[in-house]
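What follows is a set of notes on a single structure, which appears directly below.
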Amino acid sequence: MPPPAGGMGHAPIDSTPPGSRHGEDMRFAPALVLASMLLSVAPALAQSQPIRVRNMATISATGIFLAPTGTSAWGANLLGNQFLPPRAFLSVQLGEGGGCRFDVRMVLRDGREALRTDVDVCAERVVTMVPDPVIAPEAPASPPPAAAAPPPPGTGRNRP
């Protein structure tokens, strides 16, 4: 049937009672189903992609270690006998089914460490490691200057 004169068609009939959002919710149902499917697949998908561990120290790192959060099972040094220069990153491929939450430890050439706990690597794909700042030990206080000793008797100024 052709539209009435003026080019306007009939508006769809809305049988939803006033104040109800039932009709609107139904329009979004397919999107909600799709979103829930994607959220359930997201951790598995994220685990199949490598994460990056970035060294933000001013010196090279000699070790990068991961442990599932809540355990003390640090894995092997992911750097092996290599170094990770400042501002560089290491790509790490996580195993399937390993979960998303890890503790990450970086050991620096000078022995300092950076530790981040409970990192959600499925959400945070680049893990930035920053060690605690180096605090120079305070120099011991120097002894106060010695008071000038009086000249020995019979010299210069102390004569009667």
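The values are calculated or read from the model by the stated rules, or taken from the named source; none is laboratory data. Nothing here was measured: the structure is a model prediction, and the numbers come from that model. Glycine also receives a Cβ, built like all others from the backbone with ideal geometry; neighbour counts cover every protein chain displayed. For accessibility, only protein heavy atoms count, side chains too; no ligands or nucleic acids. Shrake-Rupley method; radii C 1.70, N 1.55, O 1.52, S 1.80 Å.
Confirm whether residue 127 is of a type outside the set (Phe, Trp, Tyr), more than 11 Å from residue 55 (Cβ to Cβ) and open to solvent by less than 50 Å² (accessible area, probe 1.4 Å).
Spelling it out, it is not the case that residue 127 is of a type outside the set (Phe, Trp, Tyr), more than 11 Å from residue 55 (Cβ to Cβ) and open to solvent by less than 50 Å² (accessible area, probe 1.4 Å).
(1) part of a loop (DSSP other than H, G, I, E, B); (2) under 18 Å from residue 58 (Cβ atoms): which one isn't true of residue 96, the others all being true?
The failed condition is (2).
Going by the structure shown, is residue 117 loosely packed, with under 14 Cβ neighbours inside 10 Å, at pLDDT 95 or above and polar (S, T, N, Q)?
Against the criterion (loosely packed, with under 14 Cβ neighbours inside 10 Å, at pLDDT 95 or above and polar (S, T, N, Q)), residue 117 qualifies.
What number of residues within segment 40-57 satisfy the criterion of being part of a loop (DSSP other than H, G, I, E, B) and at pLDDT 95 or above?
So the first thing to find is which residues in segment 40-57 are part of a loop (DSSP other than H, G, I, E, B), and the list is 48-50, 56-57.
Applying the additional criterion that residues be at pLDDT 95 or above yields 56-57.
So the count comes out to 2.
Need the failing condition index for residue 68 against (1) over 19 Å from residue 48 (Cβ atoms); (2) of a type outside the set (Gly, Ala, Ser); (3) at pLDDT 90 or above, just the number.
Failing condition for residue 68: (1).
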